[in-house]
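So the structure is just underneath, and the comments pick up after that.
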Amino acid sequence: MKAVIVARVSTEEQRDAGNSLPAQAERLKSYCSRKSLEIDKEFSFDESAYKTKRDTFDEVVRYIQESKIKLAVCFDKVDRLSRNVFDKRVSLLYEMAVNDQIELHFTSEGQIIGPSMSAVEKFQFGMSLGLAKYYSDAISDNVKRAFEQKRRNGDWNGKPRIGYINSLDVNGKKDIVLDPERAHLIERIFILYASGNYSLTTLHTEITKLGLRSVDGNVLSRSNIDLVLKDPFYYGVARSKKYGTYPHHYPCIITLELYERCQAVARKRSNATWKPLSEEFIFKGLLHCKNCGCVMTPEKKKGRFIYYSCTNAKRICKRIYVPEKDLLKPLMDVFEAFAAIPTNVEERLTDELRTNNESEVVYHKKELARIRAEYDRVQNRIDALMDLLLDKSITKDEYDKKLQQFKDQQYRLDLEAEEHTKADHDYKLTVSRVFSISRRVGSIFESSEPYEKRMLLNYLLQNPTVDGKTLGFTLRSPFNTVLELANCPSGLPGQGSNLRPID
């Protein structure tokens, strides 16, 4: 009979250990030689048998299914086949074996699965699968408990942030300490940005000039600087995508106060329109290329004609120059639509805006009330938890674990409340102010200076992009509702606010 031998490990570490792929393959070959089995195909790979997605093992199954002869499929042990009793591949191969289409050999355990198996042998095979799954589940539980304890102790399990390095303490235990070459430069990043005198671009230039490099000696990118500024690790809080935030015990590079000053500067800059250092341009900093997402940059030609083109920072675009006057045409159409709102729909328009406004305000108030109530309930549980600790009804470890869960819950509620507060602010405009601005926006725009025009467009437009020579944009709320109703005096759906003019 011909045989297929399958050697598998779960990780690269196991591949190099005692149960390595060559060791398994050698045992399987010796077994085939003793049993007079002719080796037809060898498979050797590292892939977890516990997960649902097993691409390499699926190739093994396909090879077996497509074979025109009966094969002896040889594994070192049952756990090399699978560690999941619910794996559909296990039942498939098992059914093929009991139907005499193949034989399953588990060489180190002396088991052969075939049509002549006794009840005891079937039970033994089921137990082997169950024990393999139990072993993996037990390891998973132990790892989870170990990581939970590490988080309670303030340990960080990932790669050190720039400004920190791995080190060994006097007992030979791995630790994270300040990087003597970079920690002071990381602090400098926060100090410079908190001053409000640096953008990310100028900050990146300055800190590169001061000598900050990655551990590999490479210049940090602008996005790396942005990630540093947003990372709470530097003031003492570790953040994990899976487990949220928790305080760590490593040395802090900055204070919480300095971190929050930087976040305040970032929020202010994200809401402000940049004023250029020299020439004023209406669309400067507002437009992005639809093809690659890069900024559209302005320049003058022949001293008075203004053109915009993609910076092509990603090197995937063909530079196309678009006259500023062409980009303004679709906006002028919107302004004319605002100015031409019929008087007989003004009352209905006002009612519609007021309804939209009030319903959103009510919604956000209810959500904030719900979040505050939930926050108070969690705080009551924290207080009760302290009473249990004082009464010695729970241990200190149980208290720390539960307290961390409650604090994480409160942190998430704080973030949720902040988001609703921001959203609520968008609806604080009164209906009369919205209507007044909408009717006069064209004349306001025409009478403004270039930087004032840019501020007005930033106030009105959302995600403006240029596709070739065509401007595309969405109006911000509530001006999108004004335009929709202005284009629909009969009450039927109108043109909408997502405008895509055709060049």
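A few notes on this one:
- Hey, Asn498 modelled with pLDDT under 75 and among the polar types (S, T, N, Q) or not: yes
- 3 or more residues in contact with a Pro (Cβ under 9 Å, 6 or more places away or on another chain) and either at pLDDT 70 or above or not acidic (Asp, Glu) (or both): qualifying helices (runs of 4 or more DSSP H) within segment 313-429: 324-339, 346-390
- Cβ-Cβ contacts under 6 Å between residues 6 or more apart (or on different chains), taken from a first residue in segment 153-167 that is touching a residue at least 12 places away in the same chain (Cβ under 8 Å) to a second residue that is surrounded by fewer than 18 Cβ atoms within 10 Å (Cβ to Cβ) and assigned to a loop (DSSP other than H, G, I, E, B), are listed as Gly154/His249.
- Qualifying residue in segment 177-186 (condition: under 26 Å from Gln149 (Cα atoms), outside the structural domain of Gln405 (by TED's automatic domain parsing) and of a type in the set (A, V, I, L, M, F, W, C)): yes
- Residue within segment 478-492 that is at pLDDT below 65, of a type in the set (S, T, N, Q) and either crowded, with 18+ Cβ neighbours inside 10 Å or outside any helix (DSSP H, G or I) (or both) present: yes
- Residue within segment 80-94 that is among the polar types (S, T, N, Q), farther than 16 Å from Leu131 by Cβ and exposed (fewer than 15 other Cβ atoms within 10 Å of the Cβ) present: yes
- Subset tally (residues that are under 23 Å from the mean Cα position of the chain (by Cα) and more than 22 Å from Leu220 (Cβ to Cβ)) for segment 159-171: 0
- Top-ranked residue in segment 105-131 [being assigned to a helix (DSSP H, G or I) and touching a strand residue (DSSP E or B) at 6+ places or on another chain (Cβ under 8 Å); ranked as nearest to Gln24 (Cα to Cα)]: Thr107
- Conditions (1) within 25 Å of the chain's Cα centre (by Cα); (2) surrounded by 11 or more Cβ atoms within 10 Å (Cβ to Cβ); (3) more than 26 Å from Pro251 (Cβ to Cβ); number of the one not met by Trp156: (3)
- Only one of the numbered conditions (1) surrounded by 15 or more Cβ atoms within 10 Å (Cβ to Cβ); (2) modelled with pLDDT of 90 or more; (3) part of a helix (DSSP H, G or I); (4) over 28 Å from the mean Cα position of the chain (by Cα) is violated by Ile186, and that is (4).
- Among the candidates Ile39, Ile69, the residue that is more than 23 Å from Ser108 (Cα to Cα) and either surrounded by 12 or more Cβ atoms within 10 Å (Cβ to Cβ) or in contact with a strand residue (DSSP E or B) (Cβ under 9 Å, 6 or more places away or on another chain) (or both) is uniquely Ile69.
- Counting residues in segment 217-239 that are at pLDDT below 90 and either of a type in the set (Lys, Arg) or within 21 Å of the chain's Cα centre (by Cα) (or both) gives one or more.
The values are calculated or read from the model by the stated rules, or taken from the named source; none is laboratory data. For clarity, every value in this text was computed on a predicted model and none was experimentally measured. Here Cβ is always computed from backbone atoms with ideal geometry, including for glycine, and neighbour counts include all displayed protein chains.
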